[in-house]
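Down below is the structure, laid out as structure tokens.
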Amino acid sequence: MKLKSLILTAALAAMSFGALARAADLELLEPGKLMVATEGTYAPFSMRAPDGTLDGLEIRVMKEVAKRLDLEYTPVLIKWDSLLVGLQADQYDVISAAMDITEARQKQVTFSNGWLESGGRVVVAKDSDITQSSEIKGKTVGALVASSWTKIAEEKGATVKGYKAESDAMQDLVNGNVDAVITDAIAAAYAIKTANMPLKMTDDYVSHVQKGFAFKKGKPHLVEAVNKALADMVADGTYAKLTTDLVGFDPAPKDPIKTIE
């Protein structure tokens, strides 16, 4: 019995050591866990399913990534404007929230390869006389705080009203408190359709973007592992199965933006 007990103790110790070693290899904050920052309020990227659980494009994709890395998916709900601060403070391993890969952000964080392709569009009321993005000059436009949409609206001569949640901006547009909203085309189309909002989008795009998962700099092994999992998911068809039923098509980039350390 003593021998069995010693063997069991040794086995458990080996498992524990293995978990710690894996955490070190992947630069994880906690062994066996992939701690992921998400908003939970930006459909169809992150939202609540009817049963209250987290769902959405980024949730599904990142859960599958964690599964393939044999890690426990551990979401951390946080507001958009605090995401990068929390990442630098080691509150989580990665940001899955729908963040555009931009040159400015690449100086702050390391992005995974692009995991989704979309673009910005102007959303207006159905009876609006705004028909293209150039016509928002001099108008009041809603946009997510600290987002690329804010910069685009300002460059086009609009007065920006900032929001901490995209849903609030869209509702303010419905209520007539802003003239337009600039947001992600996928998110806007999903919101208008599912909530039956009396809104429409102008035909032109204000940007074409890819979204990436953001990591604190100095975690090359974790980034590499996530990139491999993403590539494998796209190649074996899992990515398309997870995303198509939400938006009606496979939004995987045909030519993903590559990680820059």
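Any read-out appearing in this document is the output of simple, stated calculations on the displayed coordinates, not a laboratory observation. Everything quoted here is computed from the prediction, not taken from an experiment. All Cβ positions, even for glycine, are placed from backbone atoms using ideal geometry, and neighbour counts span all protein chains on display.
Details
- Using C-alpha pairs under 8 Å with a sequence gap of at least 6, the mean separation divided by the residue count of segment 118-209 gives a relative contact order of 47 percent.
- Converting phi to 3J(HN,Hα) with the Karplus coefficients 6.51, -1.76 and 1.60 and the offset θ = phi - 60°, segment 78-89 yields 8, 5, 3, 6, 10, 4, 5, 4, x, 5, 5, 8 Hz in sequence order, with x at every glycine or proline.
- Charge tally for Asp127 (other residues, Cβ to Cβ under 14 Å; Lys, Arg +1; Asp, Glu -1): 0.
- Sequence-distant residues sharing a close amide H with Val122 (under 5 Å, placed H): Thr202, Val206
- Legend: distances between Cα atoms for Lys164/Lys216; Lys137/Lys258; Lys79/Lys161; pairs beyond 26 Å are Lys137/Lys258.
- The 3J(HN,Hα) values that the Karplus relation (6.51, -1.76, 1.60; θ = phi - 60°) gives for segment 98-109 are, in residue order, 5, 9, 5, 7, 10, 4, 5, 5, 5, 7, 9, 9 Hz. Gly and Pro appear as x.
- Annotation: amide H of Phe213 within the under-5 Å range of Ser112, Trp115, sequence separation 5 or more or interchain, hydrogens built in the peptide plane.
- Placing +1 on the Cβ of every Lys and Arg and -1 on the Cβ of every Asp and Glu, with nothing else charged, gives the chain a dipole about its Cα centre of roughly 600 debye.
- Summed residue charge, Cβ within 11 Å of Val145's Cβ, Lys/Arg positive, Asp/Glu negative: 0
- Förster-model FRET efficiency, 35 Å R0, Glu261 and Lys193, C-beta, rounded to 0.05: 0.35
- Sequence-ordered 3J(HN,Hα) estimates for segment 233-246 from the Karplus curve with 6.51, -1.76 and 1.60 and θ = phi - 60° stand at 5, 5, 5, 8, x, 5, 4, 4, 5, 6, 10, 4, 5, 7 Hz, glycine and proline given as x.
- Note on segment 118-209: with charges restricted to the Cβ of Lys and Arg (+1) and Asp and Glu (-1), its dipole about the Cα centre is near 100 debye.
- Trypsin sites (Lys or Arg not before Pro) within segment 145-206, DSSP loop, no more than 14 other Cβ atoms inside 10 Å: none
- Close amide H contacts of Tyr163 (hydrogens built in the peptide plane, cut-off under 5 Å, sequence separation of 5 or more or a different chain): Ala143, Leu144, Val145.
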